[in-house]
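Readers should treat all values here as calculations from the given coordinates under stated rules, not as data from a laboratory. Computed from a predicted structure; not experimentally measured. Using ideal geometry, Cβ is built from the backbone for each residue, glycine included, and neighbour counts are taken over all protein chains shown.
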Amino acid sequence: MTAATSLLRGSTSTRRQKSAPREATSSPRLRLVETPGARRLPSLRSMLISLVVLAGVFVTQLALSIAISQGAYEVSGLEQTQTELARTESAALEELSAMSSAQNLAVEATKLGMVPTDSQAFLQVGSGSLATDAASTGTAAPINTGLVTNEVTQPAAPVADPNGVSAEQAAAPAVPSFTELRSPSTR
């Protein structure tokens, strides 16, 4: 505080005087609270609005659940279709591989009457004549398609044993039972 403000307040000292501690009052600080008025029931209009909103939430949730489950069924159906198409594609690629193999081309060429030759011939475009190699004889052995087998065009049939044992089972060593095991020799 400044000296001017302390003179206006009637204080002659420039220091602020501390107030004495308050005496404990005999009246408690607690007071009675008035009882609240009677509680009103919600109006019929607000109850109906609440019920309509609640029913709307339930219907919306049901509709969303149905839509999601329908989408799951569609996805499942599309995955099955994709699997079937992948199998069809695999079969078509396997058939294409078999048809374009060298063995199949040789068989088809033989069916058309084509024969291999060891001579070379060239077509001269300007004159339209055929020029051949004089050193070649013009003949070759017929195509033997059985020299190199093609697993795709001619799958190998499994060889059956007269006893009913396959070749894989015959090659596998027999496992003895626990009663046939030899005991170890000790000294």
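Data table
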read-out	value
FRET efficiency, 1/(1 + (r/R0)^6) with R0 45 Å, evaluated for VAL33 and PHE58 via beta carbons	0.60
Size of charge dipole - the stretch 65-109 - debye, nearest 20, with Cβ of Lys, Arg +1 and Asp, Glu -1, no other charges	60 debye
Computed FRET value (nearest 0.05) for VAL75 with MET99, which takes r as the C-beta separation and R₀ as 35 Å	0.45
Full-stretch length increase - THR117, ARG45 - with 0.36 nm per residue and alpha-carbon distance subtracted	15.7 nm
